[in-house]
1. Calculate the spin-label point distance for residue 51 paired with residue 16, positioning each point 7 Å from the Cα along the beta-carbon direction, and give it in nanometres.
2. List 3, 11 from most exposed to least, where exposure is judged by having the fewest other Cβ atoms within 10 Å.
Ligand SMILES: [Zn+2]
């Protein structure tokens, strides 16, 4: 009977520890999951050197370390 009680006590302790770890992991995981959304929402803007438009770096067309709003502007820049 004593043995059973000890096993039960260990089981309760382990399950309590596991739920604590799971809660900690959830807290740690949530800011990491939000991060990509946050960075794309407040994305960096780059200036198109041809037409002067500001475009988000994520959607801009890149060439020679410059960012362009369209293929047309990139063509003008590279052709000039
Ligand atoms: Zn442009």
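Readers should treat all values here as calculations from the given coordinates under stated rules, not as data from a laboratory. All of these numbers come straight from a predicted model, not from anything done at the bench. Every residue, glycine among them, receives a Cβ derived from its backbone with ideal geometry; neighbour counts consider all protein chains shown.
1. Roughly 6.5 nm, to one decimal.
2. Values: 3 7, 11 10.
Neighbour counts put them in this order, fewest first: 3, 11.
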